[in-house]
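Trainee: First, the structure itself, so that you have it in front of you.
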Amino acid sequence: MQKLDREKFEKIVEEGIRAIPEKFLQKLENVVIVVEDEPTLIQKKKLNISSSWTLFGLYEGVPQAKRGANYSAVLPDKITIFQKPIEAQAGNEAEIKEIVKNTVWHEIAHHFGMDEFQVRQAESKRRKNSK
């Protein structure tokens, strides 16, 4: 397990965001991406997360696919990347970068309206195409 200072970790998250194709980045609307140490108890409870599960990231908000005509004057959606679980899973900085990149992709897919099953399918396809 490698630990990074917050500034270094945030730069890795920025790299993960820049790895998203521009055509998707241009379509991000009303969303912020932040780094926290780990999920709060409220977040875990809201998701009904088992204590054996590891959560690397979380999307909270109204997916673009579900926004209607009355969607206005709302706080931004929030994507949180959790530093400590990622560091605990990774053996080195290269693995941290890969987990962060995949997590950013995953949570942005939720922002666009994909459910967990759809995100997993897209991730599998993306991994096959990158080989």
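The values are calculated or read from the model by the stated rules, or taken from the named source; none is laboratory data. In this text the structure is predicted, and so the values were computed from the model without any measurement. Here Cβ is always computed from backbone atoms with ideal geometry, including for glycine, and neighbour counts include all displayed protein chains.
Trainee: Which one is farthest from residue 37 (Cα to Cα) among residues in region 81-95 that are in contact (Cβ under 8 Å) with a residue 12 or more places away in the chain and among the small types (Gly, Ala, Ser)?
Mentor: Per the stated criteria, the residue is 91.
Trainee: Related question: Picking from 124, 130, which residue would you name as being over 15 Å from residue 20 (Cα atoms), among the small types (Gly, Ala, Ser) and either at pLDDT below 90 or buried (at least 18 other Cβ atoms within 10 Å of the Cβ) (or both)?
Mentor: Result: 124 is the single residue among 124, 130 that is over 15 Å from residue 20 (Cα atoms), among the small types (Gly, Ala, Ser) and either at pLDDT below 90 or buried (at least 18 other Cβ atoms within 10 Å of the Cβ) (or both).
Trainee: Please determine, by comparing only the residues of region 10-58 that are in contact (Cβ under 8 Å) with a residue 60 or more places away in the chain and small (Gly, Ala, Ser), which one is surrounded by the most Cβ atoms within 10 Å (Cβ to Cβ).
Mentor: Out of the qualifying residues, it is 16.
Trainee: Within region 70-89, which residues are surrounded by fewer than 20 Cβ atoms within 10 Å (Cβ to Cβ) and outside any helix (DSSP H, G or I)?
Mentor: 70, 71, 72, 73, 74, 75, 76, 78
Trainee: Which condition number does residue 49 fail, the rest of (1) aliphatic (A, V, I, L, M); (2) outside any helix (DSSP H, G or I); (3) at pLDDT 85 or above; (4) under 24 Å from residue 1 (Cβ atoms) being met?
Mentor: Tallying (1) aliphatic (A, V, I, L, M); (2) outside any helix (DSSP H, G or I); (3) at pLDDT 85 or above; (4) under 24 Å from residue 1 (Cβ atoms), residue 49 fails exactly one: (3).
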